[in-house]
Amino acid sequence: MLPRKNLIQVTTGGERLIHWLLAVSCIILLITGLGLMFKAFEFLTLFLGGYKGMKLIHNYTGLVFTVSMVLSLIIWYREGAILKDYDIAWIKKGGGYLWKVKDLPEAGRFNAGQKIFFILVIVVGALMFITGIIMWFSLSFPHALVRLSYMLHALGVVTIGGALTSHIFLGTANPGSFQAMMHGYVTRGWVKLQHPRWLKEVEGHKSEAKK
């Protein structure tokens, strides 16, 4: 991580690229998916080349989402998908996102809330990909399986849509989080408050490197 004007780099350019590919493709999928599933949102077809055009956008965006999801899992698996003992303790304390909590367990590079969201995205995203493929090539699968896939896909929309809304709210309501994913640099005070365990690890590595 490189220092810049007394700031600490918490994300690399590659990490931010994958994050935004995942986020933007997810939003596009939700919007086009609503247009495909509910008559109340059929007006969206007027802006996206009709029903067929919107379906094509939805299907191929799903491939972009899946690729970015796999890349994000490769990049953040160790730090973002494995809950440690201190993460469990963090959850029991309620996190402290929206209110102050005494003796809050120190979070690593990602706190338990972020890890849970990441795991949810991976699990539900995998479900959406599998059911989406079955729906895309529905004539190649049993009718009962296709019908079940539509139901599971709709359930996935509700789940990931709600999770994404919460993620956006917490990311923008919590000062510093949005900057971390825009240009990657935040103040040391922010890192010390939000991810103290990770800060100690980073500064510990720097101290060892100087020896």
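Only the coordinates and a few stated rules stand behind these numbers; no lab work does. What you see is a predicted model; the values in this text were computed from it and never measured. Here Cβ is always computed from backbone atoms with ideal geometry, including for glycine, and neighbour counts include all displayed protein chains.
With contacts taken as Cα pairs under 8 Å and at least 6 residues apart, the chain reaches a relative contact order of 27 percent. For the chain, the longest principal axis of the alpha carbon atoms and the long axis of helix 13-37 meet at an angle near 30°. FRET efficiency for the pair LYS39 and LEU148, taken as 1/(1 + (r/R0)^6) with r the Cβ-Cβ distance and R0 = 30 Å, rounds to 0.85. The label-point distance for SER140 and GLU201, in a model that sets each label 7 Å from Cα toward Cβ, rounds to 4.1 nm. The alpha carbon gyration tensor of region 14-175 gives principal lengths a ≥ b ≥ c with a/c of 1.5 or higher and a/b greater than b/c, which makes the shape prolate. Counting only Cβ charges, +1 for Lys and Arg and -1 for Asp and Glu, the dipole size of region 6-98 around its Cα centre is about 160 debye. Electrostatic bookkeeping for PRO105 treats Lys and Arg as +1 and Asp and Glu as -1; over the other residues with beta carbon under 10 Å from its beta carbon, the sum is 0. In order along region 114-127, the phi-based Karplus estimate (6.51 cos²θ - 1.76 cosθ + 1.60, θ = phi - 60°) of 3J(HN,Hα) comes to 5, 5, 4, 4, 5, 4, 4, 4, 5, 5, 5, x, 5, 4 Hz; Gly and Pro are listed as x.
Quick check: residue separation of LEU170 and LEU71 times 0.36 nm, minus the Cα distance between them. What number comes out in nm? In short, 33.3 nm is gained.
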